[in-house]
1. Please work out the ratio of the alpha-carbon Rg of region 82-189 to 2.2 N^0.38 Å and round it to two decimals.
2. So how do 173-183, 109-119, 145-155 stack up, highest first, on mean other-Cβ count within 10 Å?
3. Tally the DSSP beta bridges in the chain and give the antiparallel ones as a percent, rounded to 5.
4. I'd like the Kirkwood hydrodynamic radius of the chain, using the inverse of the mean 1/r over distinct C-alpha pairs, in Å.
5. Per the helix-only calculation at 222 nm, which mean residue ellipticity applies to the chain, given -39500 (n - 2.57) for every DSSP H run of n ≥ 4 and division by its residues, nearest 500 deg cm²/dmol?
6. Could you tell me the relative contact order of the chain? Use alpha-carbon pairs under 8 Å, at least six residues apart, and round to a whole percent.
7. Towards the positive end of the charge dipole of region 11-177, with charges on Cβ (+1 Lys, Arg; -1 Asp, Glu), say which of Pro122, Phe28, Ala72 has the farthest Cα.
8. Could you give each residue of region 127-138 its phi-based ³J(HN,Hα) in whole Hz, using Karplus coefficients 6.51, -1.76, 1.60 with θ = phi - 60°, and x for Gly or Pro?
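Where a number appears in this text, it was derived from the coordinates with a stated rule and is not lab data. None of the values given here were measured: they were computed from a predicted structure. As a convention, Cβ positions derive from the backbone with ideal geometry for all residues, glycine included, and neighbour counts pool all protein chains shown.
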Amino acid sequence: MAEDRDPDTTTIMFIRHAERPEGDGPPFGMDEDGSRCDESLTTIGWQRARALVGLFAPESGNPTAGLVRPVALFASTPSKKNGSKRSVQTVTPLAHALGVTVDTDFGRSDVKALAKTLRRTPGPVLVAWQREYLPEIVGTLGAPDTDVPGTWPEDRYDVVWVLTRSDSNAWTLRQTPQNLLPGDLPTGI
């Protein structure tokens, strides 16, 4: 698969979409206009989405240690069956700050096609996705199984997985805590 890798694709960062509604009670999801929408982020999720701008694209200086400013953003497209907008909503404020468009060409389970495109995308990339698929995506890209947690916990929205390719084409995974909101944990998964 090395032939699919662009020499510039050395860093791919992964985040889970921001906070979502849990069950039928509050907090409820809200769309961009403030209307209730179960497929959207909660108020806290929108706070995280805005805070991600400072994490990845601060007005001055560099991103948090261990992270890089992305030049491309990917989020899963809402499907007819599961119309979740959360992945796109999570990176929309960052996309506006960076002046880039979010690539939503892939459904949440299009793991192999997404991985192939990520390998060919030049420059640092940020992917916002559903937690159930993140370990599989990272594994498909070539991270050693020993580095990749088997699952992304349901209650964790506060971690960035950073996949880095060395000059020898070996991928390594490290985790960087976001430390953006009260309650964020200072550790990886």
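1. Working: Rg = 14.1 Å, N = 108, 2.2 N^0.38 = 13.0 Å.
For region 82-189, the normalised Cα radius of gyration comes out at 1.08.
2. Values: 173-183: 15.0, 109-119: 17.8, 145-155: 12.5.
Top of the packing list down: 109-119, 173-183, 145-155.
3. Of those bridges, close to 55 percent are antiparallel.
4. Numbers: mean 1/r = 0.0600 Å⁻¹.
Hydrodynamic radius (Kirkwood, Cα pairs) of the chain is 16.7 Å.
5. On the way: 4 runs with 45 residues, N = 189.
Calculated from helices alone, the mean residue ellipticity at 222 nm is -7500 deg cm²/dmol.
6. Numbers: 381 pairs, mean separation 50.6, N = 189.
Once normalised by length, the contact order is 27 percent.
7. Value computed over the given set: Pro122.
8. Result, ordered by residue: 10, 10, 8, 6, 4, 4, 9, 4, x, 5, 4, 5 Hz.
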